[in-house]
Amino acid sequence: MKLYYAPGACSLAPHIVAREAGLPVTLEKVDLAKRTTETGANFAAINPKGYVPAIALNDGSVLTEAAAILQYLADQQPGAGLAPANGTPERYRLIEWLTFISSEIHKGFGPLWHPATPDSVKASTKDRLATRFAYLDEILARQPYLTGETFTVADAYLFTVVNWTNFHAIDIASFKHLSAFMTRVAARPKVQEALEVEGLKKQAA
């Protein structure tokens, strides 16, 4: 399998999961502005959507969208415990978290990435994110990870997108349980490996 990624993008989540699961995944960096990969391939031909993550599977097909890729990777190595078994209530809770992270946190950062976004919109965007962070803080006050005691793909995804606060000067120190979660996940050896490879250890510190 080959994971197409851009440093610090949401592709960091499947990168972390692949390492946590011990899966043999090769990495190919993508220049999203030029739509080319580090080997000179046309990324638009690989993923016409134009964004990462995308993963080329062993059968030659390409899978996209973080939530789908995360579950696919977890299911390749069930013994790693990164996702509950398909069809169980616990799996649907995991999907619930992945959906929340995708729609409310991941996409919630959207306006902050565009230089032309008015300051008033950026301020309201940060306010909305703060309400989501407060909700997460309440959950993480009761348990170390989103689904309970076990690290899952949802935690890798949440860590990846909340880490974007470091790129937008958003202080999450007041959300002490969420902050502790970020520190806890960042300390995982496989997360450290992924951050090192993507040149992100300073940002995630």
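None of the figures in this text is laboratory data; all of them are computed from the coordinates on show. All figures in this text were calculated on a predicted structure; none of them were measured in a lab. Cβ: placed from backbone, ideal geometry, glycine included. Neighbour counts: every protein chain shown.
Quick rundown of the values:
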| read-out | value |
| --- | --- |
| Along the chain, longest interval not containing exposed trypsin sites (Lys or Arg not before Pro), exposed being DSSP loop plus at most 12 other Cβ atoms within 10 Å | 50-141 |
| Antiparallel bridge percentage (DSSP; both residues within the chain; nearest 5) | 70 |
| The range 90-103 - phi-based ³J(HN,Hα) in whole Hz, Karplus 6.51/-1.76/1.60, Gly and Pro as x | 5, 5, 5, 5, 4, 4, 4, 5, 4, 5, 4, 4, 5, 7 |
| Simple Cβ-charge dipole of the chain, Lys/Arg +1 and Asp/Glu -1, about Cα centre, in debye nearest 20 | 280 |
| Of [x] 10.6; [y] 14.7; [z] 11.5, the label for mean projected area of the Cα convex hull in nm² derived from the coordinates | [z] |
| Per-residue Cβ neighbour rank within 10 angstrom, fewest leading, S11, S179 | S179, S11 |
| Dipole axis of the chain (+1 Lys, Arg; -1 Asp, Glu on Cβ), positive-most option in Y135, I170, Q77 | I170 |
| Segment E65-A33, length gained on full extension (0.36 nm per residue, minus Cα span) | 9.6 nm |
| Helix-only [θ]222 nm of the chain, DSSP H runs n ≥ 4, -39500 (n - 2.57) each, per residue, nearest 500 | -13000 deg cm²/dmol |
| Cα gyration tensor shape for the range 49-168, rounded if a/c is under 1.5, else prolate or oblate | oblate |
| Whole-Hz ³J(HN,Hα) from phi, Karplus 6.51 cos²θ - 1.76 cosθ + 1.60, for the range 48-61, glycine and proline x | x, 5, x, 9, 9, x, 9, 10, 7, 7, 5, 8, x, 7 |
